[in-house]
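Before any comments, here is the structure.
Values quoted throughout were computed directly from the atomic coordinates according to the rules given, and no laboratory measurement underlies them. These numbers were taken from a predicted model, which means no experiment stands behind them. Every residue, glycine as well, gets a Cβ built from its backbone with ideal geometry; the counts of neighbours run over all protein chains shown.
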Amino acid sequence: MSEKTEKRNVVLGITGSIAAYKAAELARLLVTRGFDVRCIMTECAQQFITSTTMQAVTGRAVATNFWEESEAAGIGHIQLADWAEALVVAPATADSIAKMAAGFADSPLLAVALATRAPIVVAPAMNVNMLTHPKTQENLEILRARGVHIVDPDEGALACGWNGAGRLAEPTEIFERVRNVLSAQDFAGRRIVITTGPTREALDPVRFISNRSSGKMGAALAREAYRRGAQVHLIHGPIHEQLPRAIKCQEVVSAEEMHRAVMATVASKSSMPDIVVMAAAVADYRPSEAAQEKIKKTEKSLNIKLVQNPDILHELGQLKRDERKPLLVGFAVETGEEIENLLGQTRAKLKHKNADMIVGNFAHDAFDLDTNRVWLVDRNGRQQEVATTDKWRVANKILDAILTLG
Ligand code: C5P
């Protein structure tokens with residue numbers, strides 16, 4: 001699964017746009033994740049960013065013209081085209097898109113685009129009028145029809161002074177699309193709702209009760225499910241995560257809001273998700289009422305009455321009895337170090353909430369970290385430890401386990 005797919009050969013083609021500097025960030029994201037990246041730069045691209053930069057980031061020689069020694073030795077563009085498991089052109093100018101659509105091969109990059117059998121990802125960047133020009137749109141359509149994956153540009157302030165569509169998509173967006181294109185789509189056709197992050201329970205207009213959840217585990221689950229082809233709806237409390245555009249993100253604040261949002265997803269039989277993963281750290285209690293005005297410092301002590309929030313996972317578990325759908329996954333967090341205690345709590349939650357799987361973890365392994373150590377306990381009595389590793393890897397283990405449950 002994931003381990004293997006992250007060690008793939010990617011050719012990164014860079015063309016002459018002011019956004020070329022973002023290609024360095026994209027290359028860094030790929031290299032850090034274990035991809036082997038080789039760059040090809042057009043002459044124009046080298047006016048914006050040097051081949052030295054790209055060589056330093058990738059640790060690989062950069063192809064820039066047909067007259068290099070490697071070409072003469074017969075290990076040039078055709079070998080690169082065969083070596084590539086994906087070709088990514090980012091940024092792609094209007095000119096390079098037009099040439100790719102027409103089948104030109106007058107630069108090493110265009111020759112690789114023509115010769116490779118690997119999937120191609122194109123991330124356009126240009127002035128808004130050039131982008132919306134019928135000819136550019138026609139060229140993009142030709143590429144799409146040919147199976148090329150287009151990462152649509154963002155809207156916003158453009159370097160040329162115009163405002164509109166044409167900004168190169170964020171490097172993280174292109175990175176996640178490349179991962180998606182390279183992955184087995186074993187979650188294709190599945191709808192998955194994931195909750196993540198903390199909830200905030202208002203005391204007054206400026207204060208709230210919350211917890212230290214960062215939302216990273218649920219965000220990682222959302223990204224990996226998207227990578228593997230799922231249709232993902234992420235319902236999240238206040239978090240600081242950037243997610244691929246294809247993921248439907250819905251922000252909520254309180255547990256009651258999260259409750260309403262999740263229940264709405266299961267309200268209609270026709271649009272019912274196949275899987276719900278409750279990774280959110282939902283506050284168990286909320287102040288019985290939130291003050292309308294800021295609470296003043298008048299008394300020596302202050303009593304605040306708390307009332308229980310709805311237990312979303314439990315409610316979904318009840319619903320499941322007659323529906324047998326969706327598949328339910330929850331989390332159990334414990335403090336301390338006692339593994340037997342954690343496993344006991346995890347098993348108890350599996351039963352009490354009528355879930356299909358509970359992911360047990362310790363707060364000190366999980367909260368606000370990029371790694372986690374978990375135990376997966378499922379309805380078939382399976383119990384699997386996932387030793388401390390990156391949250392994206394843990395997410396894939398959880399998704400693998402979900403697949404075994406149907
Ligand atoms: O009962 P406890 O909070 O320990 O259970 C944790 C699991 O239940 C998590 O999956 C969490 O997202 C979910 N939960 C919920 N609604 C709550 C509290 C927790 O769905 N009010």
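Data for the structure
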item	result
HN-Hα J in Hz across segment 208-218 - Karplus 6.51, -1.76, 1.60, θ = phi - 60°, x for Gly and Pro	8, 9, 8, 9, 8, 5, 9, x, 5, 5, x
Amide H within-cut-off set for residue 89, under 5 Å, with H built and near neighbours excluded	13, 121, 122, 123
Total charge dipole magnitude, the chain, about the Cα centre, Cβ charges on Lys, Arg, Asp, Glu only, Debye to nearest 20	880
P(r) weight above 31 Å for the chain, C-alpha pairs, percent	48
Residues 375, 67, 83, sorted so that the one with the fewest Cβ neighbours within 10 Å comes first	67, 83, 375
The chain, relative contact order [Cα under 8 Å, separation at least 6], %	11
The chain, helix-only ellipticity at 222 nm - DSSP H runs n ≥ 4, -39,500 (n - 2.57), divided by all residues, nearest 500	-10500 deg cm²/dmol
In Hz, Karplus ³J(HN,Hα) per residue of segment 231-247 (6.51, -1.76, 1.60; θ = phi - 60°; x = Gly, Pro)	8, 10, 10, 9, 9, 9, x, x, 9, 10, 10, 9, 10, x, 4, 5, 8
Span from the segment 131-177 Cα centroid across to the segment 249-276 one, whole angstrom	32
Trypsin sites (Lys or Arg not before Pro) within segment 201-237, DSSP loop, no more than 14 other Cβ atoms inside 10 Å	212
Entries of 351/391; 7/397; 22/248; 305/353; 269/351; 216/325 with Cα pairs more than 20 Å apart	351/391; 22/248; 305/353; 269/351; 216/325
Segment 164-256 - charge dipole about Cα centre, Lys and Arg +1 at Cβ, Asp and Glu -1, debye rounded to 20	280
Fraction of beta bridges assigned by DSSP in the chain that are antiparallel (%, nearest 5)	35
Ranking of 183, 96, 210, 301 by count of other Cβ atoms within 10 Å, fewest first	301, 210, 183, 96
Nearest-ten-degree value, helix 255-265 long axis tilted from longest Cα axis of the chain	60
Per-residue HN-Hα couplings for segment 17-30 [Karplus 6.51, -1.76, 1.60; θ = phi - 60°; Hz; x = Gly/Pro]	10, 4, 7, 4, 4, 6, 5, 5, 5, 4, 4, 5, 4, 5
All aspartates and glutamates inside 19 Å of residue 99 as judged from Cα atoms, apart from same-chain residues fewer than 8 positions distant	43, 138, 141, 152
Gaussian network model of the chain, springs between alpha carbon atoms under 10 Å - residue of 247, 192, 209 with greatest fluctuation	209
